[in-house]
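Engineer: I'd like to ask you about the structure that follows.
Throughout, read-outs are computed from the coordinates displayed, never taken from laboratory work. As the structure is a computational prediction, the values presented were derived from the model and not from experiment. Neighbour counts run over all protein chains shown; Cβ positions are idealised from the backbone, glycine included.
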Amino acid sequence: MISSSSHGQHAFRHRRIQRIVALGMLLVILVNAGFLGFNLFFPDPVSRLTEGVIPRQYYSQFDADPLPSYDGTYGIGHNTGDSIDKITAAIEAGAQGIEIDVIAYRGDLYARHNLPVTVFGEFGFRPVKLEEAWEAATTEVVQLDLKDTSVSFLNNLSRFLDRHQEDKRIVLVSSWDLDVLRSIQESNPWVGRLLSIGSQEQFDSVLVSYDEIQQNRLINGVTIRHDLLDAPTVFWLKERTLLIFAWTVESLSRVNELTLLGIDAVVTDNLAILNLLRARQESELLATPEALASPAAP
């Protein structure tokens with residue numbers, strides 16, 4: 001026989017659990033409502049958390065007069081591969097190359113700058129698979145900017161590249177990590193390899209260790225923050241027959257300076273720059289994939 005006091009304690013515990021559950025549900029509702037409200041008024045930060053870094057395309061008035069020719073300086077759509085609409089816009093503007101960020105997520109490859117923050121589920125996560133971005137990017141050059149270094153990611157990427165070896169386009173991969181580039185060299189030697197350089201310290205490190213880095217012609221070029229480039233730096237890179245991609249270049253005055261220095265490509269969000277470079281381009285492509293991946297002549 002259950003005493004009235006035991007029955008009362010049981011009822012008390014039951015009511016307490018009900019209150020805790022109700023408070024938990026209320027908290028979830030409030031958090032999600034707050035998130036939705038934040039998304040309404042501040043969509044850009046939320047997009048970066050859930051969707052990744054969305055390409056920032058725009059048309060801008062030029063701050064300088066165009067040069068008569070931009071022969072040999074190619075236009076690459078910055079980060080464009082992370083959105084099919086942005087790929088289309090860049091191609092229509094005249095991009096000769098598309099940069100596609102690449103991550104691994106749940107066993108597949110995606111065109112995306114960073115992993116989604118899933119604390120709110122996958123709200124707003126509209127993924128573009130790498131295969132979709134690749135098919136949309138019908139440009140002469142495709143640059144895959146690798147955002148992962150894991151063995152599984154590299155194995156998956158290697159298989160992807162193998163499937164597309166006969167696509168007859170210039171394929172480049174870029175990474176900050178020399179081991180990543182070394183892995184690509186071993187598995188897919190026909191792919192061009194660019195070392196990403198984003199600081200003076202990184203470039204100084206390359207200067208010190210260049211001979212060791214290039215024992216087996218590991219890198220075919222660099223993709224480097226444009227404000228690190230001046231005449232002596234460009235001369236040093238060109239003397240070693242390295243491709244030079246400068247990012248992210250948004251003003252025509254800086255494009256002009258870099259063109260006169262002799263760099264190979266500018267990476268830009270400015271569709272007007274992509275259009276101008278295409279219109280005033282006469283030379284052939286940068287090189288064939290085979291030429292990019294082959295050792296330089298002594």
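Engineer: Could you tell me the ratio Rg/Rh of segment 74-293? Both radii from Cα atoms, Rh via Kirkwood.
Structural biologist: 0.95
Engineer: Same structure, new question: Put a dot 7 Å past each Cα toward the Cβ at ASP204 and TRP176; how far apart are the dots in nm?
Structural biologist: So the label points at TRP176 and ASP204 sit 1.7 nm apart.
Engineer: For segment 179-255, what does the alpha-carbon gyration tensor say about shape, rounded, prolate or oblate, given a ≥ b ≥ c as the root eigenvalues, a/c under 1.5 as rounded, and a/b over b/c as prolate?
Structural biologist: prolate
Engineer: For segment 83-205, what class follows from the C-alpha gyration tensor (a ≥ b ≥ c being the square roots of its eigenvalues): rounded when a/c is under 1.5, otherwise prolate if a/b is larger than b/c, else oblate?
Structural biologist: Rounded, because the longest to shortest axis ratio a/c is under 1.5.
Engineer: Summing Lys, Arg as +1 and Asp, Glu as -1, what charge do residues with Cβ under 12 Å from the Cβ of PRO68 carry, PRO68 excluded?
Structural biologist: Here the charged neighbours net out to -2.
Engineer: Highest first, please rank the peptides 209-218, 258-267 by the mean number of other Cβ atoms sitting within 10 Å of their residues.
Structural biologist: Peptide ranking by packing, descending: 258-267, 209-218.
Engineer: Lysine pairs in segment 74-293 8 or more apart or on different chains: how many have alpha carbons under 25 angstrom apart?
Structural biologist: 6
Engineer: Sorted from fewest to most neighbouring beta carbons within 10 Å, what does the list GLU135, GLU250, GLU201 look like?
Structural biologist: By the 10 Å Cβ count, ascending: GLU201, GLU135, GLU250.
Engineer: When a/c is below 1.5 the answer is rounded, else prolate if a/b is larger than b/c, else oblate, so apply that to segment 164-294 with a ≥ b ≥ c taken from the square roots of the Cα gyration tensor eigenvalues.
Structural biologist: oblate
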